[in-house]
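Working notes, structure below.
Bear in mind these aren't lab numbers, they're just calculated from the coordinates by the rules spelled out. Remember, it's a predicted structure, so these values are computed and weren't measured experimentally. Note that we place each Cβ from the backbone using ideal geometry, even for glycine, and neighbour counts take in every protein chain shown.
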Amino acid sequence: MPKRDPALLIEDMLSAIRKIERYMAGLEREGFLQDEKNRDAHCGIREQARSYRAVFRR
């Protein structure tokens, strides 16, 4: 992973979280589970956080 300022990485994650919150506004659990796009977005932010873990350990 290219070296980036950790503050920028956090901002990227927060931006993605805000998008997910907008997409999921008003959805109940069942609606979330039935919508593949929402599940993919959630998994994307989780994977992004995992990939950044090493950056923040330094």
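Please give me the summed charge of the neighbours of residue 4: other residues whose Cβ is under 12 Å from its Cβ, Lys and Arg +1, Asp and Glu -1.
Computed value for this residue: -2.
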Using the Cα gyration tensor of the chain, with a ≥ b ≥ c the square roots of its eigenvalues, what is the shape: rounded (a/c below 1.5), prolate (a/b larger than b/c) or oblate (neither)? prolate
Nearest 10 degrees is fine. How inclined is helix 6-24 to the longest principal axis of the chain, computing both from alpha carbons? 0 degrees
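Just from its helices, what would the mean residue ellipticity at 222 nm be for the chain, if runs of 4 or more DSSP H residues each count -39500 (n - 2.57) and the sum is divided by every residue, rounded to the nearest 500 deg cm²/dmol?
Rounded to the nearest 500, it is -27000 deg cm²/dmol.
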Between 0 and 90°, nearest 10: helix 36-57 axis offset from the chain longest Cα axis: 20 degrees
Once you place label points 7 Å from the Cα toward the Cβ at residue 21 and residue 3, how far apart are they in nm? 3.3 nm
